[in-house]
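Worksheet for the structure shown next.
The values are calculated or read from the model by the stated rules, or taken from the named source; none is laboratory data. These numbers were taken from a predicted model, which means no experiment stands behind them. Counting neighbours? That spans all protein chains shown, and the Cβs are built from the backbone with ideal geometry, glycine included. Just so you know, the surface numbers come from the protein's heavy atoms only, side chains and all, with ligands and any DNA or RNA stripped out. Shrake-Rupley method; radii C 1.70, N 1.55, O 1.52, S 1.80 Å.
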Amino acid sequence: MPKMKTSKSAAKRFKATGTGKLKRSKAYKSHILTKKTAKRKRNLRKPAMTDKTNVKNMKKLMPYL
């Protein structure tokens, strides 16, 4: 059986926590920041957990996580 390949794009976007949950960064923080409030930009800095509906597919993309 050959080795499974990790999706490198997914590996760069998601990290596993100690309990096995997937941590991700939030979107909408790259450009057009002048019209966004400071509170909104500050909240976008915090990492978020991947929704449980997507975790199964993410684990397929990263078999050695």
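Quick look at the values:
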| quantity | calculated |
| --- | --- |
| Search result, residues across the range 33-65 that are open to solvent by less than 70 Å² (accessible area, probe 1.4 Å), assigned to a loop (DSSP other than H, G, I, E, B) and either within 16 Å of Ala10 (Cα to Cα) or of a type in the set (D, E, K, R) (or both) | Lys36, Thr50, Met62, Pro63 |
| Residue match in the range 21-32 (condition: of a type in the set (A, V, I, L, M, F, W, C), part of a loop (DSSP other than H, G, I, E, B) and without any contact (Cβ under 8 Å) to a residue 24 or more places away in the chain) | yes |
